[in-house]
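None of the figures in this text is laboratory data; all of them are computed from the coordinates on show. This structure is a prediction, so every number in the text was calculated from the model and none was measured. Here the Cβ is made from the backbone with ideal geometry for all residues, glycine too, and neighbour counts use every protein chain on show.
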Amino acid sequence: MIRRVVRQSKFRHVFGQAVKNDQCYDDIRVSRVTWDSAFCAVNPKFVAIIVEASGGGAFLVLPLLKTGRIDKAYPTVCGHTGPVLDIDWCPHNDHVIASGSEDCTVMVWQIPENGLTAPLSEPVVVLEGHSKRVGIVTWHPTARNVLLSAGCDNLIIIWNVGTGEALINLEDMHPDVIFSVCWSRNGSLICTACKDKKVRVVDPRKGKIIAEKDKAHEGARPMRAIFLADGNIFTTGFSRMSERQLALWNPVRVTAVSVTSRSQTRHRMCTTSTRFPARSPKEAWATCLKEA
């Protein structure tokens, strides 16, 4: 008689415990817009959440310690004329946040020291350069006042927020919708995931694609790609059979280090992003732009 060897999970006796309601952010009407976004962003002082709003787009900014039931009349950041699709806190200033919207603009906001006491409708700067909705905004990890935006016009723009000018336009690199963009740890490269099923590594200063992987995930659903601290690229996507896949890639050879698949019917997708501590580059970003 052959005995089966069953692998025991090291987490089989680990159980989660639900947090009490008074320690949660309760009664928030999260946006129902059809866009693959995290819909929230957090820093050491505040948590921002994109919410439903009539007549335009808005998001809440709450102090981290303000838990419990949130009043429906709580003031919001509400300067966009279309739904807000993405938000990102500045890594160099805990009171500055950027937002991208269906109104084709990017706005940068200054949050008061103690949070909002009244609706905020006047941004510090409005960045206009996209012809279609802006679904991705992400700050440079090491250089101040440098912000990246990506829109459904398949265009990536890198902005100088201090002057409101576009520093770099990355055109004709993506033939379809860009699902995700992530800076490398020192900000010298970006990796992108596109609807054409390719993962690309781009040097934005040279305006060149230095590596790409075709059919990183063969499924038709959105995929995401991020740089890890060691320089490898981690992606999430789907197989042809709609199985959730996780993959680790070597960005130099663009070869798979590891691929894991699990049935979507058994496991719900939960997409998160992690910001790693910034590593100081050898040269300032502004200097690199001048030399490019």
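Brief remarks on what is shown
- 13 Å beta-carbon shell around Leu85, net charge (K/R +1, D/E -1): -2
- Taking 1.306 mPa s as the viscosity and 10 °C as the temperature, the Stokes-Einstein diffusion coefficient of segment 19-171 based on its alpha-carbon Kirkwood radius rounds to 102 µm²/s.
- A dipole drawn for segment 19-171 from +1 and -1 charges on Cβ atoms has a positive end, and of Leu64, Tyr74, Gln23 the residue lying farthest that way is Gln23.
- Residue-wise HN-Hα couplings along segment 183-192, as the Karplus relation 6.51 cos²θ - 1.76 cosθ + 1.60 with θ = phi - 60° gives them from phi, are 6, 6, 4, 9, x, 7, 10, 10, 10, 10 Hz; Gly and Pro carry x.
- Loop-located GluC sites (Glu not before Pro) in segment 193-246 whose Cβ has at most 15 other Cβ within 10 Å (DSSP): Glu218
- In plain terms, the chain from Ala220 to Leu65 could stretch by 51.8 nm, reckoned as 0.36 nm per residue minus the Cα-Cα distance.
- Only lysines eight or more places from Lys132 in sequence, or on another chain, were considered; those with a Cα closer than 30 Å are Lys195, Lys197, Lys198, Lys206, Lys208, Lys213, Lys215, Lys290.
- The calculated FRET efficiency for the pair Val19 and Leu228, based on their C-beta separation and a Förster distance of 30 Å, comes to about 0.55.
- The Cβ shell under 15 Å around Ile111 holds other residues with a net charge of -2, Lys and Arg each +1, Asp and Glu each -1.
- Rounded Å value of the spacing that divides the Cα centres of segment 8-29 and segment 183-239: 32 Å
- Listed by chain and number, the lysines whose C-alpha is less than 29 Å from the C-alpha of Lys20, apart from same-chain residues fewer than 8 away, are Lys10, Lys45, Lys66, Lys72.
- Looking at segment 57-92, the trypsin sites (Lys or Arg not before Pro) that sit in a DSSP loop and have at most 10 other Cβ atoms within 10 Å of their own Cβ are Lys72.
- Kirkwood-Stokes translational diffusion coefficient of segment 129-231, alpha-carbon pairs, 10 °C, 1.306 mPa s, µm²/s: 115 µm²/s
- Using only side-chain charges placed at the Cβ, +1 for Lys and Arg and -1 for Asp and Glu, the dipole size of segment 1-92 relative to its Cα centre rounds to 860 debye.
- Along the axis of the charge dipole computed for segment 19-171 (Cβ charges of +1 for Lys and Arg, -1 for Asp and Glu, origin at the Cα centre), the listed residues Ser54, Gly100, Leu147 are led at the positive end by Ser54.
- Within-9-Å neighbourhood charge of Lys72 [Cβ basis; K, R +1; D, E -1]: -1
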